[in-house]
Amino acid sequence: MPGVAKSALQGDLSMPTEWKAVGEVDKLFVFPVKSLAHVEVENFNTGPFAAESRFMVDRQFMVVDKKDKFTTSRKFPSMSLIQPEVTQTHLTLKYPGMEDISVKIPEVETLEGCKEYEIFGDPCKGFDVGPEVGEWLSDVILNDPEGGLRLLYHPKVDSTRPDKPKDEEIAPNMKPGDKPYFADTFAYMMMSQPSIDELNKLLDEEDVDLVVEEKRFRPNIFINGEFPAFSEDEWAYIKVGEVIFRNSRACDRCVFTTLDPFMGDKHPQGEPLKTLRKYRCAEDPAEKKAYGSAPLFGVFLAVEKCGNIKVGDKVCIGKH
């Protein structure tokens, strides 16, 4: 069965001195609240820990349960239909059939003394936004206003996540500071239209009655161009406008991919994850051990040179 022979970047991983255009930015997305709906934007600033667009910061808010575990659409698909809106002072959440709720964004500049939580084994800190929004989220997500959910906030300061441990075998291009606020593992994720097109071709070949598009995979940066599917896996550095990103490692996928971002329900046959597992799982023994049955689709990025990127910007890679 076909798979990914080796996802870890090979060869010269130094910063390119010359660039060539391969495509352009098609869409940009910010997710102000982890696991809630996306906000499509025309441009964003590339902060070291998150994309920033006007008053929105990517995954700056996160929902946790009464056991202090982060709560996501993997378990509660309806979360993906909650639409966030952010102003300078307030976060508003909207859900079909429910009255909107608007809460003041905490005016905190440090998380010192705040409670510690965990994201996939990473300790992190967050400021509790208060009981009112917690009850609203509990009502929407658990159908129980007293379900004990709470909303956490991370101010725009250094991430409270730990440094990434060095891993030359799986992620030779990763650096210790490649960390986000409340995103799963990295601050940025990029996908391409050619890779989506190839997945749709594979779904068709497998007789799966499903056509997917990029929103299902929750990228921050979605690009298009005349390049083969999965080419982005091999680009060590990507220049978008004047911003330079470094490819930290491949993006490993989970059950979240089976969630329809428009309907808020999971595919009954577990697609496209089932097809991705057939064609995009790691074959290298060390990577197999690291990723297990999680297929690889898209790439995690870190910022080497900060700035602003916008839809229509040229996407360049190093000249060989």
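The values are calculated or read from the model by the stated rules, or taken from the named source; none is laboratory data. Because the structure is predicted, anything quoted here is derived from the model rather than measured. All Cβ positions, even for glycine, are placed from backbone atoms using ideal geometry, and neighbour counts span all protein chains on display. Accessible surface is based on the protein model in full, side chains and every heavy atom, while ligands, DNA and RNA are left aside. Shrake-Rupley method; radii C 1.70, N 1.55, O 1.52, S 1.80 Å.
When each of 44, 120, 61, 55 is tested for being in contact with a Phe, Trp or Tyr (Cβ under 6 Å, 6 or more places away or on another chain) and of a type in the set (Phe, Trp, Tyr), the lone residue that passes is 61. Of the residues 20, 75, 67, which single one is surrounded by fewer than 14 Cβ atoms within 10 Å (Cβ to Cβ), of a type outside the set (A, V, I, L, M), out of contact with any helix residue (DSSP H, G or I) (no Cβ under 8 Å at 6 or more places or on another chain) and at pLDDT 95 or above? Among 20, 75, 67, only 20 is surrounded by fewer than 14 Cβ atoms within 10 Å (Cβ to Cβ), of a type outside the set (A, V, I, L, M), out of contact with any helix residue (DSSP H, G or I) (no Cβ under 8 Å at 6 or more places or on another chain) and at pLDDT 95 or above. Among the residues of the range 41-58, those that are in a loop (DSSP other than H, G, I, E, B) and closer than 14 Å to residue 183 by Cβ comprise 47, 48, 49, 50, 58. The residue of the range 11-33 that is farthest from residue 191 (Cα to Cα), among those that are among the aliphatic types (A, V, I, L, M) and outside any loop (DSSP other than H, G, I, E, B), is 33. Restricting the range 265-300 to residues that are of a type in the set (S, T, N, Q) and assigned to a loop (DSSP other than H, G, I, E, B), which is least open to solvent (accessible area, probe 1.4 Å)? Ranking the candidates gives 293 first. Part of a loop (DSSP other than H, G, I, E, B) and modelled with pLDDT of 95 or more - does that describe any residue in the range 256-264? Within the range 256-264 (the criterion being part of a loop (DSSP other than H, G, I, E, B) and modelled with pLDDT of 95 or more), the answer is no, since none of the residues qualifies. Restricting attention to the range 18-63, the residues that are on the phi > 0 side of the Ramachandran plot and charged (D, E, K, R) total 2. For residue 54, the conditions (1) surrounded by 15 or more Cβ atoms within 10 Å (Cβ to Cβ); (2) without any contact (Cβ under 8 Å) to a residue 60 or more places away in the chain are fulfilled apart from (1). Would you check if there is a residue in the range 227-237 being open to solvent by 40 Å² or more (accessible area, probe 1.4 Å), modelled with pLDDT of 95 or more and charged (D, E, K, R)? There is at least one residue in the range 227-237 that is open to solvent by 40 Å² or more (accessible area, probe 1.4 Å), modelled with pLDDT of 95 or more and charged (D, E, K, R).
Is it the case, given these coordinates, that residue 191 is in a loop (DSSP other than H, G, I, E, B) and either open to solvent by 30 Å² or more (accessible area, probe 1.4 Å) or in contact (Cβ under 8 Å) with a residue 40 or more places away in the chain (or both)? No: the conditions fail for residue 191. Among the residues of the range 232-255, the one identified as under 24 Å from residue 35 (Cβ atoms), among the basic types (Lys, Arg) and part of a strand (DSSP E or B) is 249.
Hey, does the range 201-214 have a residue that's at positive phi and either touching a strand residue (DSSP E or B) at 6+ places or on another chain (Cβ under 8 Å) or at pLDDT 95 or above (or both)? The answer is yes; a qualifying residue exists.
Filtering the range 98-145 to residues that are in contact with a helix residue (DSSP H, G or I) (Cβ under 9 Å, 6 or more places away or on another chain) and exposed (fewer than 11 other Cβ atoms within 10 Å of the Cβ) leaves only 99.
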